[in-house]
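Accompanying notes for the structure given below.
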Amino acid sequence: MRYVTRSFVAGLAFGLMLVVGNAAHAAEWVEPKDGVFSEKQVVAYIDTMKEVVASWKAAGKALEGGKNGFAAAAVLARTDAKTKEIMAKHGLVEAEYNWLAGKVTEAWGGVFIQNAMEEADKQLAVQTKETQDKIAASKQKIAAYEKALKDGRRVLTPEQRESIVKSAKDEQQSAL
């Protein structure tokens, strides 16, 4: 019970720290009215993300196997502080960073969909070509069958022809 209480209190304190921190930073930056971001912002976001992910990985390794709620809260608080430090290093405030995260994710989704559509178009083109080739082959077969009918010849499948030839050979053998 004591462990749960300590973890709960540590988590609550950490959560309050984040809420207060977010409110202070939100006042510093305002989302552009046109919703457009610059290349500089995207580069800053990507550079920040690289460092933040590395920081999170290090924090995750520090937390592995630990059961102390206060130690976990302390590591998370250091990670949050490190994240804010990294953002400041790249000229971003938390509100801008979060907005850029949404915009980059949105753009990535658009690129993903565009790539998927291009791949689907390629596959459709291949299937269309295969279907057109089958249609052309079928038209040639039909033309050959129509010509055979006009010439008074019987059109047989390879299996039918083989069966008739075998039957004729069997009759020939019987006659001999």
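A few points about this structure:
- Rounded to whole Hz, the Karplus (6.51, -1.76, 1.60) HN-Hα couplings of segment 49-61, x for glycine and proline: 4, 4, 6, 5, 4, 4, 5, 5, 4, 4, 5, x, 5
- Straight-line reach from Lys150: taking Cα to Cα under 20 Å and skipping same-chain neighbours fewer than 8 places apart, the lysines in range are Lys139, Lys141.
- Taken about its Cα centre, segment 121-176 carries a charge dipole of about 200 debye when Lys and Arg each add +1 at the Cβ and Asp and Glu each add -1 at the Cβ.
- The Cα center of segment 139-160 and the Cα center of segment 33-85 differ in position by 74 Å.
- Inter-probe distance in nm under a simple model that places probes 7 Å from Cα toward Cβ, at Ser174 and Thr157: 2.5 nm
- With the highest mean first, a sort of the peptides 116-124, 72-80 on other beta-carbon atoms found within 10 angstrom per residue produces 72-80, 116-124.
- The aspartates and glutamates within cross-link reach of Lys33, meaning a Cα-to-Cα straight distance under 14 Å and a gap of 8 or more places when in the same chain, are Glu96.
FYI, it's all coordinate maths here, none of it is from the lab. Please read these numbers as outputs of a predicted model, since none were measured by experiment. Neighbour counts run over all protein chains shown; Cβ positions are idealised from the backbone, glycine included.
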